[in-house]
Amino acid sequence: MRFEAYSSEHTKAVGSILCKGKEINLFQPAREFIPMINEVFRTLVEVTKDIPGASVENHKFCTSVHYGYVDEKSSPMIAQRVHDVLKDYPRLTLTHGRKVLEVRPLIDWDKGKAVLREGNRGYGILVSSVPKESKAFLSLRDTSEVKQFLKSLVRWKEQMSNVGS
């Protein structure tokens, strides 16, 4: 069986993996950025290594610079160093989170677009403690509700398997 997930405008972004003997094509619009992200990761590790509490993580398609354990006075220095590094990478963008700076490819792509709605291949789920406007199919309040939901899916799948036998 072959699963395909691709768009004609992003054919270069399609990769494939072998899973349980089946070839699965992956739609990864950021794949071409991986070498650049790796390079930026190494540079950011180097330029932040003298700042106690700073840490840099490579998440394959983005790099995160965490400064939650950094002295308050050093926070602006981290931001400046990250900005200085990114000046050489116009195809990357910087986003901010809670005590984290994330370097990502500058592409029109997000988790919501990653869900393939054609042919009922996927449904978005929003996990948030506060109601938000979203195109998600389902909204759950926290990770305990996600766990409960996933367990109910497994039970449903097991029941469906038993019906067919």
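The values are calculated or read from the model by the stated rules, or taken from the named source; none is laboratory data. Please read these numbers as outputs of a predicted model, since none were measured by experiment. Here the Cβ positions follow ideal geometry from the backbone for every residue, glycine too, while neighbour counts run over all protein chains shown. In case anyone asks, the SASA skips ligands and DNA or RNA and just uses the protein heavy atoms, side chains included. Shrake-Rupley method; radii C 1.70, N 1.55, O 1.52, S 1.80 Å.
Computed values, structure above
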item: Residues located in segment 28-66, provided they are among the aromatic types (Phe, Trp, Tyr), modelled with pLDDT under 90 and more than 13 Å from the chain's Cα centre (by Cα); result: 33
item: Some residue of segment 53-60 being closer than 24 Å to residue 107 by Cβ and in contact with a helix residue (DSSP H, G or I) (Cβ under 6 Å, 6 or more places away or on another chain); result: yes
item: Selection within segment 80-94 - at pLDDT 95 or above and of a type in the set (Val, Ile, Thr); result: 82, 85
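This table checks each residue for (1) part of a loop (DSSP other than H, G, I, E, B); (2) farther than 13 Å from residue 101 by Cβ; (3) open to solvent by 90 Å² or more (accessible area, probe 1.4 Å); (4) free of Cβ contacts under 8 Å to residues at least 24 places away in the same chain.
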{"residue": "53", "(1), (2), (3), (4)": "yes, yes, no, yes"}
{"residue": "65", "(1), (2), (3), (4)": "no, no, no, no"}
{"residue": "73", "(1), (2), (3), (4)": "no, yes, yes, yes"}
{"residue": "85", "(1), (2), (3), (4)": "no, no, no, no"}
{"residue": "89", "(1), (2), (3), (4)": "yes, yes, no, no"}
